[in-house]
């Protein structure tokens, strides 16, 4: 039985360091190549030695696919391709290819320049690595080699995020990467056609959550910002540079536009400017509204949002500032926070999750007095708000995607084991497909039942299909023909043609059977009785009595001779070709039952 | 005499009809030239190659064929059809056959047999499909012939086994369009066939080709539309089709399911996985809800739209559509809406300060959570959050329709609608505001909801704000804080967008009159009165103060205790506002203000409005003036006109009526005045200069009659006659004046002739109304007609003069509803001192924003006129898309006017006004100026009196400062 093998090197019952090995019909594909945020040692990268101990990776892997530019999906890429050594093709979408190196470079800077690590990949390596990348378009089928093809679908998680379908022959796997089924202010919803893959590898970050309508969240967010600004307060929104930041920017920008507000909005950090540039370029990857209106105005050319300067923080009057990083643990956002924390008119809005130990986490858990470095005590008087803007599919979204794609098997990655368990149970219960959730390094084997395409000549097809009254192609149909396996291809041809092609002479196969009948009468009388008997039973067939004393039923020949020893026993010789096997055996069984006594 | 005249009239009529006959005959002669078919025949015979023949056929198809020669042409085509070997030519012939059978007036039953015969030996699938299409055309042309239809359907059934999808497609289409639909028809065989048709189509629901499946469903829907009751048995099949791979199949299947759910709402269907059974409409509702999260947005739109019209669904299912059980880490979570509601009911304001405010509460039993199979669950939540705004709009519309029929659902969907006010696409926001307005009878807004609604008041889009004002007009608010909040927000809106003034006042008027008891406790605060201290008197011109007063006065109307809270200046302001903004401030019964209160005593029944009485009384008086002396008549008319005009200003609902009659009386007054001129007594050559008044009066009457005819909506034919009659009188006056003042008879001939023609056409147009016009000018004139026709111009003039003097004043009957078309230019305001600068020779765009009321067909009639200081006038036809229709009888014109001029030395003002174009040749109902693109005509307007088409200015002109600068070299 052919099988698909899946081994997560990362992201198996875990979030972070996504890296999944898939072997399908003899092809090996690596999906994502991420790093883990939580570790600073060797564990931060996937263990590539699992693939091969001493051989070259290029020989073992046919291609690498990166779903989107988040570091937990692409962070290990330069290490993998340049330091471990991989020269094969790497596939990603155009926006990912554009933004990925910026993030990698930033990551490298932080690790090498700030933390002083050595033995890390260099800028040059990032460049070299990106040279191996092949960019793909949405819904473009890319032939990696003669058999392996991949195709990208829109995933809506971040700009350029894609789901990939990997297909060899009839077997296929879909890898979702991270995806979002509810559209947001700048991206659309993930979409896939009914491709019915053998296996769907889905993320499951929010396996046990069903989220509230995004409109409530947006409205709350806007209302809070608006109220604070009207009061004359300042709003600080700590964000990470890419992804949610853009969504929030668009949200505020359109709100400002709609409501004719005048308070300035600032955006700190240079990294974002570069990224915004790409957002402007890849308009086709954004949602309907932005795509439709960009002719009049590109939504990412912000009118109200300006670059932030350190000095602005002391300006009087209301303002809104987006500052990095998102967890208030260092950098500009923390500086601004310290300046503004004392005034109860101000507000800080945390748009995402905060890791324990960060200032963000402390204030969210309600701490009002913070101890800063140098034994300073910072009293937090400003309002602290939490808003969750996250672009992963919730449980309903995951189910919806499964319903759309109709896979035969589902495999869950990128989530916590406990939560996966629940979703797995739900999937099995509602779709009646088997669901897997391997841990890192654990191999899951899925048996497939691929269909094998066979060529058939048009003449034969027509001859075989005209029989039925209605063309009902959805039902399997029996066909007669000769299967030729030649040069690694299958063909169904008519027997005559097969003989001709193979240069074989036609042989006829005849079955002959003797049936003994107790009948004291003369031979020709017996024949006549048999004839009448058959004629009576086989009304739909042409039963003929030939002048030479034999009977034919269609092409089956029946002759009667007297037994050489016992004249009372007549021997009926029944002879048929193998094509008439059905009728022939029926006749013999009929004759074996004997003739009716009275005629 | 009169009898003679009538005869003449009939003679005239018959004559016209005869002429038409002649016309037709001559046409026939010209058109039945045999050239066409013959030429085609020759051409086709000449054709050497299929390409040639195709060319000929293509050329042939470009020209229309007359009814008489269709059959001949068809025969020739058929003949060639059988000869032709090339499939493409046959295809073209087949399509031509269909085209020809469509010819109006041609009955294709003579070619049915031939057309069916062609099918016999046809091998090409495309040609077959085309031939079936032709048969379909023929069949639809013969709705009265069931036997032919039956034959055609049989033919189609025979070809259903064809291997090409195109042929099967057409067959199904044909069966759908022509299949018999009568149940229990006369013959047994027919009812048999009717059953068969459904079965035959149903069999193709499982066709291998998605296009055929779609066609099968469509054919079924077609049958339904034609009145056949579909069998419930196909419901199961249709449900299976919902899971089809192809979106067009799913989309059609959704429709089919909807149709079935409407047909058999109460029948019971089993739920597959369990033993339970539910109503079919509920089951269908659940299935269609499921399709709201389909992969294809076309299907989603379709599903969302259809949901709205499934009103029989049980409320239990309906309410599920808004329910999406939230959970977080397997623990039940309350939605933001629920939280908001709880906060509200516990009397606390939202803190929203704590992280984990929305922390999940109780644990959920993992087995009980249904993630997807819950059918209707959350369908609208998904639909409203959809990526495509088309789906969202459809969902909002559906919500609206369902909420209108179910008050409890309306209450529930409120939160979601309010959320939609923040959609990123303006259309969606607008749509949801309108929806909310439509269901506002069923709902009361909570404070937190009101808060969100009011936040939208700051929207920069005017459409949105005005829609919101409309919404607030008919909203129920539950608390006095709510009213206060609304007032505060509206005032904020007013300061931010001063142009919204009128709309906000109107909104407050309704808000006040709907919630008198809620306003009452707010009055001292709003008027800032103090029990002990006198507070300064607010500025009466402040729009915000007026807004507050409008709210209070309207509330006071049904709350008699309120005036006690007013301070002195409030009463004064009331009197002022009642006078200046009478449409916003209702009459109040105020203590110590007998005069005001007596104006409307409560004893008067509402339908017998005193002002209406007054109107009728004054008219009665006028119509009986015959007994007065000329001086008295004039005075009476003048007074009445003044009264009516004042009445129109005070009573907005009677304004149209009052103005209309005032204009009519004005015309009469002018006529009387003109006829009493001294000039008539003096010898002709002596007073050349003194005729100014008479001719000016004639001119003015003409203008006024055009205004009466075209500026009022609701004018009936009775009024039109009177108006035309007045116009005729004015023309007579004109003729007399001209005759008096010009020497020589030559020009008079033409004028007399023209006038007589007009009398003639008047008679023809209004023959039915003539009996009502006893003793009028026309009546007398028609009596004298034979004499007029034969006499010389000078005599004609004399006769006219005496008739004009002797004729009586016609009574103008008033229609039920009469509204004067008005326009108000909101923008440009005309207050700006900054000139609009632009380089001469280039173009500057001026935004024009105007409201139009009671204009019929504004797209065709409303024009913008720009008058330059040098007297140049420019007429601009706005695009049809520039007109919006916010409510019945109201239109909004938002357009851009392009200005250009040569350089000026200093800024100067141009005038912008709106014109109503009319065409006096047509009756009012069909007034439509043939549009000559929408380019501007730079020549001056044709003066209205001699042109057939004319324009009436109907808005106040607005002055705009502009300054074309010379171009820099």
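A few remarks follow.
- Only one of the listed residues (A:68, A:73) is in contact (Cβ under 8 Å) with a residue 60 or more places away in the chain, outside any helix (DSSP H, G or I), surrounded by 14 or more Cβ atoms within 10 Å (Cβ to Cβ) and out of contact with any strand residue (DSSP E or B) (no Cβ under 6 Å at 6 or more places or on another chain). That residue is A:68.
- Residue within the stretch A:33-51 that is within 17 Å of the chain's Cα centre (by Cα) and at pLDDT 85 or above present: yes
- For the stretch B:455-478, the count of residues that are over 30 Å from residue A:262 (Cα atoms), out of contact with any helix residue (DSSP H, G or I) (no Cβ under 6 Å at 6 or more places or on another chain) and more than 14 Å from chain A (Cβ to nearest Cβ) is at least one.
- Unmet requirement for residue B:429, which otherwise passes all of (1) crowded, with 23+ Cβ neighbours inside 10 Å; (2) more than 10 Å from every other protein chain (Cβ to nearest Cβ); (3) at pLDDT 85 or above: (2)
- Candidates are the residues of the stretch A:206-224 that are in contact with a strand residue (DSSP E or B) (Cβ under 9 Å, 6 or more places away or on another chain) and at pLDDT 80 or above; the one that is nearest to the other protein chains (Cβ to nearest Cβ) is A:208.
- Residue check for residue A:312: surrounded by 13 or more Cβ atoms within 10 Å (Cβ to Cβ) and farther than 22 Å from residue A:218 by Cβ: yes
- A count restricted to the stretch B:378-425 and to residues that are free of Cβ contacts under 8 Å to residues at least 60 places away in the same chain and assigned to a loop (DSSP other than H, G, I, E, B) stands at 7.
- Residues satisfying the stated conditions in the stretch B:367-391, i.e. over 22 Å from residue B:314 (Cβ atoms), at the interface with another protein chain (Cβ under 7 Å from one of its Cβ atoms) and modelled with pLDDT under 75: B:371
- In the stretch A:512-530, the qualifying residues are those that are touching a strand residue (DSSP E or B) at 6+ places or on another chain (Cβ under 7 Å) and surrounded by 18 or more Cβ atoms within 10 Å (Cβ to Cβ), and the one that is farthest from residue A:560 (Cα to Cα) is A:519.
- The number of residues in the stretch A:256-273 that are surrounded by fewer than 22 Cβ atoms within 10 Å (Cβ to Cβ) and either closer than 21 Å to residue A:162 by Cβ or within 14 Å of chain B (Cβ to nearest Cβ) (or both) comes to 7.
- Every residue from the stretch B:564-607 that is at pLDDT 80 or above, more than 19 Å from residue B:511 (Cα to Cα) and within 41 Å of the chain's Cα centre (by Cα): B:573, B:575, B:576, B:579, B:580
- Enumeration of residues in the stretch B:636-653 that are part of a helix (DSSP H, G or I) and buried (at least 19 other Cβ atoms within 10 Å of the Cβ): B:637, B:640, B:641, B:644, B:647, B:648
- Which listed residue is within 15 Å of the chain's Cα centre (by Cα) and either more than 10 Å from every other protein chain (Cβ to nearest Cβ) or at pLDDT 85 or above (or both), from A:379, A:373, A:406: A:406
- Some residue of the stretch A:211-227 being more than 20 Å from residue B:421 (Cβ to Cβ) and not in a helix (DSSP H, G or I): yes
- Residue B:245 meets each of the listed conditions (1) at pLDDT below 90; (2) outside the structural domain of residue B:391 (by the TED database); (3) surrounded by 17 or more Cβ atoms within 10 Å (Cβ to Cβ) apart from (3).
To keep it simple, each residue is scored yes or no on (1) more than 14 Å from every other protein chain (Cβ to nearest Cβ); (2) touching a strand residue (DSSP E or B) at 6+ places or on another chain (Cβ under 7 Å); (3) not in a strand (DSSP E or B).
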residue: A:440; (1), (2), (3): yes, yes, yes
residue: A:464; (1), (2), (3): no, no, yes
residue: A:497; (1), (2), (3): yes, no, yes
residue: A:504; (1), (2), (3): yes, no, yes
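- Residues of the stretch A:274-314 that are within 14 Å of chain B (Cβ to nearest Cβ), under 30 Å from the mean Cα position of the chain (by Cα) and under 27 Å from residue A:337 (Cβ atoms): none at all.
- Criterion: surrounded by fewer than 16 Cβ atoms within 10 Å (Cβ to Cβ) and under 38 Å from the mean Cα position of the chain (by Cα) - qualifying residue of B:808, B:790, B:829, B:802: B:829
- Residue A:227 being under 24 Å from residue A:343 (Cα atoms) and either within 12 Å of chain B (Cβ to nearest Cβ) or surrounded by fewer than 19 Cβ atoms within 10 Å (Cβ to Cβ) (or both): yes
The values are calculated or read from the model by the stated rules, or taken from the named source; none is laboratory data. Given the structure is predicted, the values throughout are model-derived calculations rather than measurements. Cβ: placed from backbone, ideal geometry, glycine included. Neighbour counts: every protein chain shown.
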